[in-house]
1. With respect to residue 20, determine if the residue is among the acidic types (Asp, Glu), out of contact with any Leu (no Cβ under 9 Å at 6 or more places or on another chain) and at pLDDT below 95.
2. Is it true that some residue in the stretch 15-26 is of a type in the set (Gly, Ala, Ser), under 21 Å from the mean Cα position of the chain (by Cα) and not in a strand (DSSP E or B)?
3. Out of all the residues in the stretch 4-12, is one or more touching an Asp or Glu at 6+ places or on another chain (Cβ under 6 Å), hydrophobic (A, V, I, L, M, F, W, C) and in a helix (DSSP H, G or I)?
4. Can you find even one residue in the stretch 90-97 that is β-branched (Val, Ile, Thr), in a loop (DSSP other than H, G, I, E, B) and within 20 Å of residue 57 (Cα to Cα)?
5. Among residues belonging to the stretch 64-86 that are surrounded by 10 or more Cβ atoms within 10 Å (Cβ to Cβ), over 18 Å from residue 121 (Cβ atoms) and of a type outside the set (A, V, I, L, M), point out the one that is farthest from the chain's Cα centre (by Cα).
6. Only one of these is under 19 Å from residue 102 (Cα atoms) and free of Cβ contacts under 8 Å to residues at least 60 places away in the same chain: 29, 35. Name it.
Amino acid sequence: MMNPTRAILGTFGQVYIDGEWQTNINKLEAKEEIEKRELKLSGMTRSVFKKGIIKGTGTMSGYKVTSDMIRRGFEKFDIISKLDDPESFGFERIRLINCMPDAVQLANWTAGEEVTEETTFTFEGFELLDPIIAT
């Protein structure tokens, strides 16, 4: 039976871009998808699959506090995602390598509302720096 105190809350997530903590970011999602190659073989009634190209994509969003993303433009950068819930089995850090924005948001505001930024990006690899392991 799962101990509910071990469930990790996103409240304790942190984003670092090129080593600098981004206190304004409140959401990060990153995933890898594989392009499976379908093979149809003679004498078989089922398809089989071969691994193809892997593509990493992600989205980060939060409050706008600087012009850093505009200034950065389409230059590549690394992101480190850190989850560190004090009640979990430990903390997890994942480095997303060579991230590149899909678009740079130049302006997006409404009078009387907080200005938010959302950046979608691709990345070329990842490294699991610190895994969470149940003890």
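The values are calculated or read from the model by the stated rules, or taken from the named source; none is laboratory data. Predicted model only: the values in this text are computed from it and were never measured. All Cβ positions, glycine included, derive from the backbone under ideal geometry; neighbour counts span all protein chains shown.
1. Values: among the acidic types (Asp, Glu): yes; out of contact with any Leu (no Cβ under 9 Å at 6 or more places or on another chain): yes; at pLDDT below 95: yes.
Judged against the criteria, residue 20 is a match.
2. Step one: list which residues in the stretch 15-26 are of a type in the set (Gly, Ala, Ser), which gives 19.
From what's left, under 21 Å from the mean Cα position of the chain (by Cα): 19.
Then drop every residue that is not not in a strand (DSSP E or B), which leaves 19.
Yes, that holds for at least one residue.
3. Of the residues in the stretch 4-12, the ones touching an Asp or Glu at 6+ places or on another chain (Cβ under 6 Å) are 5, 8-9, 12.
So of that shortlist, the ones also hydrophobic (A, V, I, L, M, F, W, C) come out as 8-9, 12.
Checking which are in a helix (DSSP H, G or I) leaves us with 12.
The answer is yes, given that some residue of the stretch 4-12 is touching an Asp or Glu at 6+ places or on another chain (Cβ under 6 Å), hydrophobic (A, V, I, L, M, F, W, C) and in a helix (DSSP H, G or I).
4. At the first step, the residues of the stretch 90-97 found to be β-branched (Val, Ile, Thr) are 94, 97.
Next cut, in a loop (DSSP other than H, G, I, E, B) only: none.
Checking the stretch 90-97: not a single residue is β-branched (Val, Ile, Thr), in a loop (DSSP other than H, G, I, E, B) and within 20 Å of residue 57 (Cα to Cα).
5. Among residues in the stretch 64-86 that are surrounded by 10 or more Cβ atoms within 10 Å (Cβ to Cβ), over 18 Å from residue 121 (Cβ atoms) and of a type outside the set (A, V, I, L, M), the one farthest from the chain's Cα centre (by Cα) is 85.
6. The unique qualifying residue is 29.
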